[in-house]
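**Student:** Handing you this structure, nothing more for now.
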Amino acid sequence: MKREIMTTGDGSKTIHMPDLNEQYHSKHGALQEARHVFIKMGLEHWLGQYPELSELHILEYGFGTGLNALLTAVYEISVKILYTGMEAFPVTIEEIDAMDYGSLIEKEQLYKSIHQASWDENVAISDRFQLVKQQMTFESVAFENQFDLVYFDAFGPRTQPELWELSVFKAAFKALKNSGVLVTYCAAGQVRRNLQEAGFLVERLPGPPGKREMLRATKA
């Protein structure tokens, strides 16, 4: 499928797939979307709820360009982060270079280290950030009671509704520890209902620029 590099509203880049009219990140701003949805409403929320814990286990559905992992790795905290990123179709080295996220936030070597890390291996990117990249589909998730926080960053339900089905969210619910949190940019009614049916308590929150709402779900 054809993929193109496009510049988004905040000057950061993303991958655009013209055949689907879909992007890896918001056309209104890839960087500001990631910071709002996954860092502010996800990471910062979790840290505020559990400041006494020394380790944070994160699972990302849709590792993609590695932007969410990079922003998490550079976040200034003493908590050790163990980050698992799932991706069925890894981006190419050429696309990674074209994104240039490392230069954008002045962490070029860190961004390179994230993408140079071998797949299916636990790699220490820094003293407090360990990364496992797993090439796998959402449907194959079989983790249990392992993660504190889920970044759910799949392509939208308009183009890939199978990634937002009840069975996928049931697996995510099972993968989370009690009181674990899932955040996603999507606020579609059916997605919210699927999360609720999977067992989550779901909040509608203000979305990033260009989007009215997003969702945060907590494992009760």
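The values are calculated or read from the model by the stated rules, or taken from the named source; none is laboratory data. Just so we're clear, the structure is a prediction, and the values are computed from it rather than from any experiment. Because the Cβ atoms are built from the backbone with ideal geometry, glycine has one as well, and the counts that use them run over all protein chains shown. We work out accessible area using only protein heavy atoms, side chains counted, and drop any ligands, DNA or RNA first. Shrake-Rupley method; radii C 1.70, N 1.55, O 1.52, S 1.80 Å.
**Student:** Residue pairs, Cβ under 7 Å, 6 or more apart or interchain, first in the stretch 54-72 and over 13 Å from PHE155 (Cβ atoms) and in contact (Cβ under 8 Å) with a residue 40 or more places away in the chain, second open to solvent by less than 10 Å² (accessible area, probe 1.4 Å) and part of a loop (DSSP other than H, G, I, E, B). List them.
**Tutor:** ALA69/PHE63
**Student:** Go through VAL123, VAL150, VAL132 for me and flag whichever is over 15 Å from the mean Cα position of the chain (by Cα), among the hydrophobic types (A, V, I, L, M, F, W, C) and open to solvent by less than 60 Å² (accessible area, probe 1.4 Å).
**Tutor:** The conditions single out VAL123.
**Student:** Give me the pairs, please: first residue somewhere in the stretch 112-140 and modelled with pLDDT of 95 or more, second residue anywhere and open to solvent by 90 Å² or more (accessible area, probe 1.4 Å) and not in a loop (DSSP other than H, G, I, E, B), beta-carbon distance under 7 Å, and either six or more positions apart or on two chains.
**Tutor:** So the pair list comes out as GLN130/ASN122; VAL132/ASN122.
**Student:** A further question follows. Might you let me know whether the stretch 64-71 holds any residue that is at pLDDT 90 or above and either open to solvent by 30 Å² or more (accessible area, probe 1.4 Å) or farther than 17 Å from HIS25 by Cβ (or both)?
**Tutor:** The answer is no, given that none of the residues of the stretch 64-71 is at pLDDT 90 or above and either open to solvent by 30 Å² or more (accessible area, probe 1.4 Å) or farther than 17 Å from HIS25 by Cβ (or both).
**Student:** Which residues, counting only those in the stretch 170-212, are without any contact (Cβ under 8 Å) to a residue 40 or more places away in the chain and within 17 Å of the chain's Cα centre (by Cα)?
**Tutor:** Residues satisfying the conditions are ALA171, GLY180, LEU182, CYS186, ALA187, VAL191, LEU195.
**Student:** OK, next. Only one of (1) touching a strand residue (DSSP E or B) at 6+ places or on another chain (Cβ under 6 Å); (2) free of Cβ contacts under 8 Å to residues at least 24 places away in the same chain is not met by PRO51, so which one is it?
**Tutor:** Single failed check for PRO51: (1).
**Student:** Looking at the stretch 172-220, which of its residues are open to solvent by less than 20 Å² (accessible area, probe 1.4 Å), assigned to a loop (DSSP other than H, G, I, E, B) and touching a Ser or Thr at 6+ places or on another chain (Cβ under 7 Å)?
**Tutor:** Once the filter is applied, which keeps residues that are open to solvent by less than 20 Å² (accessible area, probe 1.4 Å), assigned to a loop (DSSP other than H, G, I, E, B) and touching a Ser or Thr at 6+ places or on another chain (Cβ under 7 Å), the stretch 172-220 yields only PRO208.
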